[in-house]
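Computed from the coordinates by the stated procedures, all read-outs in this text should not be read as laboratory data. A quick note: this is a predicted structure, and the numbers were derived from the prediction, not measured. All Cβ positions, even for glycine, are placed from backbone atoms using ideal geometry, and neighbour counts span all protein chains on display.
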Amino acid sequence: MARAKKPKLAVWKFASCDGCQLSLLDCEDELLAVAANVDIAHFPEATRAVIAGPYDLSLVEGSITTPDDAERIHKIRRRSKRLITIGACATAGGIQALRNFARIDDYINYVYARPEYIDTLAKSTPIHDHVWVDFELRGCPIDRFQLVEVINAFLNERRPNIPRYSQCVECKRSGAVCVMVSRGTLCLGPVTQAGCGNLCPPLGRGCYGCFGPMEAPNTMSLAGWFREKDTSADAVRDLFRTFNAGAAPFRKESEAHEQR
């Protein structure tokens, strides 16, 4: 009896730090189960072996920052049955999207001795600005157990069981004291998607928004609360300009607090 053909999994990198790809390698025991059920066809972070496409599932890390990136992502999309973006860079442009609020030519001239050699786009943009994306997995970095869940879901043709509610739900479930109410600490938890494992508020720190905006976030109301606490407009702007500065709800709210 012929052995069933395994689906092909490919992992691709664009402008990023590699942290989200490493989350897959950090899965340890879970990675063995993944590797047993798929052919890892392209994953430079883990192996030099390359199996030609097309691919059943492609995981894409990183944002589009160069003309070559913009061309390459279309080639990957055409060779992939399903394409999933992983991490803040791929889903929102990443920390490098901070360049979107400034003149890129100024940065190039300051940093590089020969700026004429630099070929870059004016903005750092998420993958969905360029091609159709089947699913976006948020985080900076992503949660490794969520990644395994998403891979499992797509290989078995089901919807991934990933929360869309806010970080505040995780705080309540864990019994953590709200740092906003008890200490007046600035926190993006009310507008941030859960998924980090509730890392910061239980330690007395506000949420930094690593997992990006939740579904339908009321950023205006939260920013209004910050301002009522005598937080400057610049500080409110900067709160929304971190790992997910390019995500539309965070970008629009930060722009609303620009000093004119």
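Take the residue pairs Lys75/Lys252; Lys81/Lys123; Lys13/Lys123; Lys8/Lys75 and return only those whose Cα atoms are more than 22 Å apart.
Listed pairs above 22 Å: Lys75/Lys252; Lys81/Lys123.
Quick one: putting +1 on the C-beta of Lys and Arg, -1 on the C-beta of Asp and Glu, what dipole do you get for the range 160-241 around its Cα centre, in Debye to the nearest 20?
Computed charge dipole of the range 160-241: roughly 140 debye.
Which one of Gly224, Leu186, Met214 is farthest out on the positive end of the charge dipole of the chain, using unit charges on Cβ (Lys, Arg +1; Asp, Glu -1) and the Cα centre as origin?
Met214
Tell me, in nm to one decimal, what length is gained between Ser232 and Ala35 on full extension, where the rule is 0.36 nm per residue of separation less the Cα-Cα distance?
Gain on stretching Ser232 to Ala35: 65.9 nm.
So how strong a dipole does the range 102-260 carry about its Cα centre when Lys and Arg Cβ are +1 and Asp and Glu Cβ are -1, to the nearest 20 debye?
Magnitude of the dipole: close to 520 debye.
Please list, in order along the range 48-65, the HN-Hα scalar couplings obtained from phi with the Karplus expression 6.51 cos²θ - 1.76 cosθ + 1.60 (θ = phi - 60°), rounded to whole Hz, x for Gly and Pro.
8, 5, 10, 10, 5, x, x, 10, 6, 9, 10, 9, 10, 10, x, 9, 8, 10
Just to be sure I understand: with springs between alpha-carbon atoms less than 10 Å apart, which residue in Arg103, Arg138, Arg205 has the highest mean-square fluctuation in the Gaussian network model of the chain?
Top of the fluctuation ranking is Arg103.
I need the helices of the chain that pass two filters: whole DSSP H segments spanning 24 Å or more by Cα along the axis, and mean Kyte-Doolittle score no lower than -1.0.
TM-like helix candidates: nothing returned.
Which one of Asn156, Asn218, Asn244 has the biggest mean-square fluctuation once the chain is modelled by GNM with Cα springs under 10 Å?
In the Gaussian network model the winner is Asn156.
Show that you can apply the helix-only estimate: for the chain, add -39,500 (n - 2.57) for every DSSP H stretch of four or more residues, divide by all residues, and state [θ] at 222 nm to the nearest 500.
Mean residue ellipticity, 222 nm, calculated: -9500 deg cm²/dmol.
Long-range amide H contacts for Lys123: which residues qualify at under 5 Å (H placed 1.01 Å from N, peptide plane, sequence gap of 5 or more or a different chain)?
Here nothing satisfies the definition.
Check which residues have an amide H placed less than 5 Å from Trp12's amide H, if you skip close sequence neighbours.
Leu59, Val60, Glu61
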